[in-house]
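Each remark here refers to the structure printed beneath this line.
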Amino acid sequence: MEDTKTAARVIAEGGFNTGRLYTANGQQIYWWQLSDGWLLFKDHSRMVHGWIRRTEASIARGPAISPGYLMDRYDHGKFETWCPDHRDYDYRPPVDFDFGAGLRI
């Protein structure tokens, strides 16, 4: 039996700044799309993280994650705070990642 915690891999990742004024740097969000359909995001400004289960149809369209899609799920509480298949993962964005100017989402 394959261990799902090691079977999934990162197929896309990225980040953005919403422009919301939670900190002097805005609201910095980083995300990882995993091959098993889970999307992990971390709000570094508010110290919140969550898991979003993407449907097979959305995975088939490609791994691209738009800031609007992610923030719609986040803002409306359409995410999980724990994912049993990935509970031991410790994802971190690149140290030198530039979240960019605020998008005003």
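The values are calculated or read from the model by the stated rules, or taken from the named source; none is laboratory data. Not measured: the values here are computed from a predicted model. Cβ placement follows ideal geometry from the backbone for every residue including glycine, while neighbour counts extend to all protein chains displayed.
Listing for the model above:
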quantity: Pairs, first under 19 Å from LEU21 (Cβ atoms) and part of a loop (DSSP other than H, G, I, E, B) in the stretch 90-105, second at pLDDT 85 or above and among the hydroxyl-bearing types (Ser, Thr, Tyr), C-beta under 8 Å, six or more apart; calculated: PHE99/TYR30; GLY102/THR18; LEU103/THR18; ARG104/THR18; ILE105/THR18
quantity: Number of positions in the stretch 64-80 that are modelled with pLDDT of 90 or more and assigned to a loop (DSSP other than H, G, I, E, B); calculated: 4
quantity: Some residue of the stretch 40-58 being part of a loop (DSSP other than H, G, I, E, B), touching a Phe, Trp or Tyr at 6+ places or on another chain (Cβ under 8 Å), at pLDDT 90 or above and polar (S, T, N, Q); calculated: yes
